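These notes are about the structure you will find just below.
The values are calculated or read from the model by the stated rules, or taken from the named source; none is laboratory data. On a predicted model such as this, the values are computed, not experimentally measured, just so you know. Here the Cβ positions follow ideal geometry from the backbone for every residue, glycine too, while neighbour counts run over all protein chains shown.
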Number of protein chains: 2
Amino acid sequence: MTKSDPTPVSDRRGDILALATEAFVTHGYAGTSMADLARVIGIQKASLYHHFQSKQALFVACVTEGYEGTVRRLEAIRADASLSDPARIRAAMEEVYRINLTTPVGRMVTVIVEVAPTIPEVAQAFHGGFIARHYAIVTGMIEDGIARGSFAAIDTLGMQHLFFGPVITLALSREMTACFPDRDELYPVDRIRETHIDLILRLLTDRRASDGS
Amino acid sequence: MTKSDPTPVSDRRGDILALATEAFVTHGYAGTSMADLARVIGIQKASLYHHFQSKQALFVACVTEGYEGTVRRLEAIRADASLSDPARIRAAMEEVYRINLTTPVGRMVTVIVEVAPTIPEVAQAFHGGFIARHYAIVTGMIEDGIARGSFAAIDTLGMQHLFFGPVITLALSREMTACFPDRDELYPVDRIRETHIDLILRLLTDRRASDGS
DNA sequence: GTCTATATTTCGATAGAC
DNA sequence: GTCTATCGAAATATAGAC
């Protein structure tokens, strides 16, 4: 009972990562200096180097340590036996939209795109820890539905891209147009999401897809 | 006839923009210094400042002056009366894949995502000069097909995102994983493109879509 | 663990000769 | 238009006291 307090009085590392993530999302990687981060966190720059070896190490920690929750929630949806196969797909799509559009980790995509060419380690961590795992869970859900006869025998790789592509592009577009006054008219999230879900479900339940051409 | 030579002996500005674009795509905006650019181009850094006022001005020129050709080709496809409505959509999708995956301008998306938050002018130029125009042409093609009775009465905004989202995300994913040895297995362009085209055409010609719920 | 102060490097941009 | 040389600013990272 000496060290297992479930709610630590102050999770320094977690606090720093959360604030740093927010700053990176807002101003980009190159646009966020260690001095900026120190100011936002409320400590001195040198103190930051006590917690993290370098700016790059701090950023990699933001990327890798922010993903745990998102994957678990998707897996829970896949394992939820109370849902029908179409309802499960709908729940998964709503969760994927939520992750990519509203959580700090999801919105990090823009920054990861920026950093990936110069720090391949980031591309590796992002792909292996986030993208590939989300893809695998959703593809598994589709295969489950096909095996049960709920869905047509469709190309799962193609469906994967139809499933995630519009979400990721929408997240990027909205981050890029954050300064536009008419952003919500250009990219109305609710309408796009609902249409997207509707079309994906239509494809999955389309009997014509059964012909293996 | 004194100044209208159709093939200028040496298009300095065009050469510089082409080489700079290639460098930006490979190393990102922050990762490409003016010294790097000067070395690639084969002149001194100071000479670069004779052609362009600043690094930012050079980059904006790369973005805006690279788009002209891509829009014209898409418009030509829309105006091609020899194509059936589905064949036109197919041709447009192949062209959009080609633009985003193989041309330097298309591959600039990664860099534009990086720069947009700090240089809103870039986001404006990119959206107005590239994205919005491509969206408008394709949406027009779909509306033409609906008007002629070739396509179902479908939500064109939703189709827009289903049309472009997977392409743009694929382009980003491939740029980000350029250093992966198994990139072509993770993101096999030909297979993804063909499945995507097939599914889009299936949705457009699906009679069930006619019910305006 | 946090602070003040500073070292070191890199980069964007300019001056001025040719 | 291109060059050599350099300025000035900003950022990463470190030294060492408390």
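Can you find a residue in the range B:103-115 that is of a type in the set (A, V, I, L, M) and either farther than 30 Å from A:V109 by Cα or not in a helix (DSSP H, G or I) (or both)? Yes - at least one qualifying residue is present in the range B:103-115. Pairs meeting the criteria (first residue in the range B:46-59 and within 12 Å of B:R13 (Cβ to Cβ), second residue within 6 Å of DNA strand C (Cβ to nearest atom) and in a helix (DSSP H, G or I), beta carbons under 8 Å, at least 6 apart or on different chains) are B:L48/B:M34. Residues satisfying the criterion are present in the range A:190-213 (criterion: of a type in the set (G, A, S), over 21 Å from A:T103 (Cα atoms), facing chain B (nearest Cβ under 10 Å) and outside any helix (DSSP H, G or I)). Does B:D184 meet the test of being more than 17 Å from A:D155 (Cα to Cα) and either touching a Gly at 6+ places or on another chain (Cβ under 7 Å) or more than 11 Å from every other protein chain (Cβ to nearest Cβ) (or both)? In short, yes.
Please work out which residue is farthest from the other protein chains (Cβ to nearest Cβ), limiting yourself to the range B:24-79 and to residues that are among the charged types (D, E, K, R) and within 15 Å of DNA strand D (Cβ to nearest atom). Quick ask: steps written out before the conclusion?
Going through the range B:24-79, the residues among the charged types (D, E, K, R) turn out to be B:36, B:39, B:45, B:55, B:65, B:68, B:72-73, B:75, B:78.
Subset that is within 15 Å of DNA strand D (Cβ to nearest atom): B:36, B:39, B:45, B:55.
Values: B:D36: 12, B:R39: 17, B:K45: 20, B:K55: 12 Å.
Only one residue tops the list, namely B:K45.
Quick check: anything in the range B:86-98 closer than 23 Å to B:G69 by Cα, more than 12 Å from every other protein chain (Cβ to nearest Cβ) and among the acidic types (D, E)? The answer is yes, given that some residue of the range B:86-98 is closer than 23 Å to B:G69 by Cα, more than 12 Å from every other protein chain (Cβ to nearest Cβ) and among the acidic types (D, E). In this structure, B:V63 qualifies as modelled with pLDDT of 90 or more, part of a helix (DSSP H, G or I), buried (at least 19 other Cβ atoms within 10 Å of the Cβ) and not polar (S, T, N, Q).
From the list B:G128, B:G149, B:G158, exactly one residue is more than 16 Å from the chain's Cα centre (by Cα), more than 8 Å from chain A (Cβ to nearest Cβ) and within 25 Å of A:T195 (Cα to Cα). Which is it?
Details: B:G128 fails: more than 16 Å from the chain's Cα centre (by Cα); B:G158 fails: more than 8 Å from chain A (Cβ to nearest Cβ).
Answer to the check: B:G149.
For the range A:81-111, filtering for residues that are farther than 16 Å from A:H134 by Cα and either within 16 Å of DNA strand C (Cβ to nearest atom) or touching a Lys or Arg at 6+ places or on another chain (Cβ under 7 Å) (or both) leaves 1.
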